[in-house]
Amino acid sequence: MMADTRGPSGLTEDEAREVHNLLIKGWAFSVFASMGAHILVWLWRPLVYGGQAVPPDWRFF
């Protein structure tokens, strides 16, 4: 085990690794949550209808 040395952040290496793992897991969760939200919105209101960009009577809601 390493000595209780603290880096510039004031954390030990083990604490820094723990914080880093939490940040990475949070980032991954937010990426996959936003991908899921985008897929759900696409299923609800796709922006491409065949050969045209939007239908002529397209409204937001």
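Rule-based calculations on the coordinates, nothing more; no lab input. Just so you know, these numbers come straight off a predicted model, no measurement behind them. Ideal geometry is used to build each Cβ from the backbone, glycine not excepted, and the neighbour counts take in all protein chains shown.
Can you sort Thr5, Thr12 from fewest to most other Cβ atoms within 10 Å of each residue's own Cβ?
Thr5, Thr12
So for Leu11, Leu40, fewest C-beta neighbours within 10 Å to most, what's the order?
Ranking Leu11, Leu40 by Cβ neighbours within 10 Å, fewest first, gives Leu40, Leu11.
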